[in-house]
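To start, the structure under review is shown below, and the notes come after it.
Only the coordinates and a few stated rules stand behind these numbers; no lab work does. The structure presented is a predicted model; accordingly, all values stated were derived computationally and were not measured. Please note: Cβ atoms are built from the backbone with ideal geometry, for glycine as well, and neighbour counts cover all protein chains shown.
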Amino acid sequence: MTIWVGTGWKMNKTLAQARDYAETLAAVEQERWAGIQPFILPPSTALAVVSAVLGPRSRVLVGAQNAHWADAGAWTGEVSVPQVADAGATIVEIGHSERRTFFAETDATVNLKVKATVRHGLTPLVCVGEPASVFAARGSVTYVLDEVRAALQGVNDVSSVVLAYEPIWAIGSGGREAEPADIADVFAAVQAEWGGSVQAVLFGGSVNLGNAVPILAVEGVDGLFVGRAAWDVDGFIELLDLVAAR
Ligand code: PGA
């Protein structure tokens with residue numbers, strides 16, 4: 001089974017920093033990551049340069065952190081799926097909690113973006129996850145299943161979809177690292193409902209070198225979606241090597 005290990009850079013890195021990161025990654029002997037699908041999601045400004053540096057034969061996939069559902073038009077400030085594809089993206093991240101919280105992303109817009117991404121033959125990386133209050137009230141499974149169902153509603157073929165379970169309480173510098181026992185029920189439920197049809201179900205939120213292997217050992221975890229711990233390219237390479245050696 002392929003294990004996905006990737007990082008979203010969020011709103012970080014200049015072009016020079018992005019190029020450095022990609023050059024370091026491109027210089028590594030990537031065959032040692034057999035069985036792993038690495039991916040990086042730069043800001044849209046750096047998509048083209050990162051894709052060009054890695055080149056078409058790299059094992060590392062490149063993706064966008066967001067894209068609009070329309071192919072083109074009067075949507076000031078947005079970029080479309082065909083545009084990010086043109087810049088080298090093969091993955092589109094959709095519905096990260098920061099986008100849902102700060103940019104009014106809803107289940108409905110997430111669903112439109114999943115459909116646009118599938119229509120253009122890219123891989124939707126759909127983020128779902130509950131807030132701390134829902135976790136505390138033991139409502140995580142219902143909340144996450146509802147989000148996944150809403151995201152994938154009416155999508156004819158979900159076989160390219162990658163889901164990322166990212167509980168909001170685990171994300172970012174204010175987050176708390178998840179224990180395997182915190183997330184096992186959600187993975188069991190998501191895999192029971194979607195495991196036979198989607199590509200993979202990843203975990204994200206404060207993943208680092210210390211907790212990556214125990215999290216991957218949770219039944220149903222097909223990979224890791226990492227922020228801070230992989231923003232430095234050495235951190236990403238160490239994480240990939242750790243997963244390859246486990
Ligand atoms: P983090 O970010 O690893 O820095 O918590 C994860 C994410 O937001 O996807």
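Here is how the numbers come out for the structure above:
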| quantity | calculated |
| --- | --- |
| Residue among N12, Q37, Q83 farthest towards the positive dipole end of the chain, charges placed on Cβ | Q83 |
| Whole-Å distance, taken between Cα centres, linking the range 16-58 and the range 66-84 | 23 Å |
| Cβ-placed point charges (K, R +1; D, E -1), dipole of the chain about Cα centre in debye, nearest 20 | 360 debye |
| Percentage, to the nearest whole number, of Cα pairs in the chain over 29 Å apart | 23 percent |
| Loop sites in the range 129-187: trypsin sites (Lys or Arg not before Pro), DSSP, at most 16 other Cβ within 10 Å | R138, R176 |
| Net charge, A181 excluded, C-beta distance under 14 Å - Lys, Arg +1, Asp, Glu -1 | -3 |
| Long-range amide H partners of H96 with built H, under 5 Å | C127 |
| Hits among aspartates and glutamates - C-alpha to C-alpha of K13 under 16 Å, sequence gap 8 or more where chains match | E23, D232, D234 |
| The range 88-118-the range 174-222 distance, computed between alpha-carbon centres (Å) | 20 Å |
| With at most 12 neighbouring Cβ atoms within 10 Å, loop GluC sites (Glu not before Pro) (DSSP) excluded, longest segment of the chain | 30-218 |
| Length-normalised contact order for the chain - Cα pairs under 8 Å, 6+ apart - percent | 19 percent |
